Amino acid sequence: MALSPSIHDAVGVRLARVDQRYTKLRRLLVETLAVAARPLTIPEIVASTPRLPQSSAYRNVTTLMEVGVVCRVPGTDDHGRYELAEELSGHHHHLVCTHCGRVEDVPATPRLELALDDAARAVTDRQGYQVNEHRFDQLGLCPDCRHP
């Protein structure tokens, strides 16, 4: 899948700000994360993009995290999972399997966002916080772990 030029332009600009180039391997990494329906571990990234050596994947994920292109998604296990930053991929939430650690994206529908905004406002007003963004992760068992 080809990403829109604007995403590639945004990544290139972020890298240029810190004197880094948008190399072919970084472009492959960004495209791999963009087409994934969920955050990926480094081994999953390498498996889906054989032209990307594992050592390069780790180095480039780190660089892309430093410039705000990629973010690490916490799971329930020790594996790091990575996805494009929401500014590039769009706002969404996650389902997290507490057994295998799998993390899946959940689209942020208007109905869900309205409910979350109402709930967050009730909590933040009481605590005196100003909220600028939110994350909503639901923990449970994925279909594979529910029915082994």
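For (1) within 16 Å of LEU40 (Cα to Cα); (2) modelled with pLDDT under 90; (3) surrounded by 15 or more Cβ atoms within 10 Å (Cβ to Cβ), each residue gets a yes or a no:
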residue	(1), (2), (3)
ARG72	yes, no, no
ASP77	yes, yes, yes
GLY90	no, yes, no
CYS97	yes, no, yes
ASP118	no, yes, no
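Taking only segment 91-123 into account, find how many residues are aliphatic (A, V, I, L, M) and part of a helix (DSSP H, G or I).
Residues of segment 91-123 that are aliphatic (A, V, I, L, M), as a first pass: 95-96, 103, 106, 108, 112, 114-116, 119-120, 122-123.
Narrowing the set further to residues that are part of a helix (DSSP H, G or I) leaves 112, 114-116, 119-120, 122-123.
Residues meeting the conditions: 8.
Within the group GLU87, GLU104, which residue is touching a Lys or Arg at 6+ places or on another chain (Cβ under 6 Å) and of a type in the set (Asp, Glu)?
Going through GLU87, GLU104 in turn, the sole match is GLU104.
Any chance segment 124-139 includes a residue that's surrounded by 11 or more Cβ atoms within 10 Å (Cβ to Cβ), part of a helix (DSSP H, G or I) and not assigned by TED's automatic domain parsing to the domain that holds GLY12?
Yes: one or more hits.
The values are calculated or read from the model by the stated rules, or taken from the named source; none is laboratory data. All figures in this text were calculated on a predicted structure; none of them were measured in a lab. Note that each Cβ is placed from the backbone with ideal geometry, even for glycine, and that neighbours are counted across all protein chains shown.
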